[in-house]
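Bear in mind that the values in this text are calculations on the coordinates, not laboratory data. Please read all numbers here as calculations on a predicted model, not as lab measurements. Positions of Cβ are generated from backbone atoms using ideal geometry, with glycine treated the same way; all protein chains shown enter the neighbour counts.
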Amino acid sequence: MTRRKKVALVVGANGVIGGNLIDHLLTLDDWDIVGLSRRGGVSTDRVTYIPVDLLDRQDAESKLSSLAEVTHIFYAAYQDRPSWSELVGPNLGMLTNVVDVIETVAPGLEHISLMQGYKVYGAHLGPFKTPARESDANHMPPEFNIDQQEFLELRQVGKRWSWSALRPSVVIGFGLGNPMNLAIAIAVYATMSKRLNLPLRFPGKPGAYDSLIEMTDAGLLARATIWAATNESCANQVYNITNGDLFRWSEMWPRIAEFFDLEVAPPLPMSLASVMDDKEGLWNGIVADHSLAEHTYQEVSSWGFADAVFSWNYDFFADGSKARRHGFHEYVDTEAMFMAVFQELRSRKIIP
């Protein structure tokens with residue numbers, strides 16, 4: 001008997017995580033894909049994009065009520081807000097609206113996958129226990145990641161579907177127009193440094209240059225997400241997903257500079273959001289001189305997120321052994337990952 005195709009509903013389809021997840025799903029023959037985002041996208045025979053405002057319950061019901069064939073929800077959407085408390089309402093509300101509608105119309109729903117992060121461990125607040133483990137205690141709220149997981153835990157009781165939660169570190173992969181894209185921020189910063197005949201200086205806080213940190217490759221995360229969503233032994237479990245190696249910027253920064261044919265000068269703490277605020281004209285000149293793809297400066301700017309990452313003057317890593325114990329054994333060399341993403345940006349003519 002031929003098993004029916006699985007239907008993935010990817011929420012946050014245009015982000016680094018959602019976009020790379022869709023790319024991975026397209027390599028698998030037994031999936032059809034529906035991508036949700038505010039901007040929508042160009043549909044193909046395998047992927048249907050739906051523009052939707054998930055904060056608008058009426059719009060969510062209107063756009064999602066026909067998705068009766070969905071078997072798996074992959075939730076990777078995020079709405080930014082200026083304070084930790086303000087993040088809770090919209091981010092919990094979007095997840096709630098998706099689950100409310102799909103659970104009602106899709107009787108074959110099997111699994112809901114939730115994308116989290118190290119905010120669960122309080123990594124954004126300051127030095128936290130490392131390595132962080134999935135069993136670590138929660139911290140004082142507000143924290144929308146924790147609220148989202150608690151929502152799924154309570155909602156799942158007595159249901160036939162299961163859930164999983166993935167906790168990556170900083171996710172590195174190709175993506176445009178995303179406010180949380182470290183790779184493109186580094187690439188554009190290096191490109192501008194070269195244009196101005198400057199060495200590549202690490203712009204982070206004192207101490208961040210030598211702290212231990214880790215990353216999560218977007219492709220690795222996509223494969224881990226499907227693994228957790230399709231293995232019964234992973235039902236209702238949480239997993240840290242990391243590349244498997246640690247590094248210090250003091251070791252990685254010269255490698256990055258070498259890729260861009262730049263010298264390295266001593267670190268100099270500065271806010272990229274501030275010093276890059278007047279660089280749109282400079283960037284437009286680079287685009288014109290090198291016949292680059294015509295993306296706006298805003299699409300390739302991720303300065304606030306880069307500032308946040310470069311401010312971590314404390315160790316930033318988690319224990320990824322639970323996923324290995326449960327059967328996911330893939331890893332990625334972080335230096336090779338950075339170089340591959342920079343090369344992809346160059347191949348796509350995002351950078352010269």
For segment 12-143, what is the convex hull (Cα atoms) projected area averaged across all directions, in square nanometres?
-> 9.5 nm²
Sum -39500 (n - 2.57) across every DSSP H segment of at least 4 residues in the chain, then divide by the residue count to get the 222 nm mean residue ellipticity, nearest 500.
-> -11500 deg cm²/dmol
Volume per residue (Å³) of the convex hull spanned by the alpha carbons of segment 210-352 is 140 Å³
Semi-axis lengths, Å, segment 271-352, gyration tensor of Cα atoms, sqrt of 5 times eigenvalues = 33, 19, 9
Eigenvalues of the alpha-carbon gyration tensor of segment 91-146, times 5 and square-rooted, give semi-axes in Å, largest first, of 30, 13, 7
Distance cut-off 21 Å, percentage of C-alpha pairs in segment 114-245 lying past it | 53 percent
Ordering 99-106, 6-13, 157-164 by per-residue average of other C-beta atoms within 10 angstrom, highest first, gives 6-13, 99-106, 157-164
What is the packing order of peptides 138-145, 305-312, taking the mean over residues of other C-beta atoms within 10 Å and listing the highest first?
-> 305-312, 138-145
Note the listed values (1) 28, 51, 19, 3; (2) 29, 58, 12, 0; (3) 28, 57, 16, 0, then indicate which one is P(r) over Cα pairs in 20 Å bins from 0, in percent calculated from this particular structure.
-> (2)
Holding the Cα-Cα limit at 22 Å, pick out from Lys119/Lys205; Lys119/Lys322; Lys63/Lys119; Lys119/Lys159 the pairs that are longer than that.
-> Lys63/Lys119; Lys119/Lys159
Take the Cα of Ala273, step 7 Å along the line toward its Cβ, and report every residue of segment 294-333 whose backbone nitrogen sits under 13 Å from that point.
-> 302-311
Could you check what % of the DSSP bridge pairs in the chain are antiparallel, to the nearest 5?
-> 5 percent
Mind ordering 267-276, 316-325, 335-344 by average Cβ neighbours within 10 Å, highest first?
-> 316-325, 335-344, 267-276
Projecting the Cα atoms of Val171, Gly108, Leu221 onto the charge dipole of the chain, where Lys and Arg contribute +1 and Asp and Glu -1 at Cβ, the residue farthest towards the positive end is Gly108
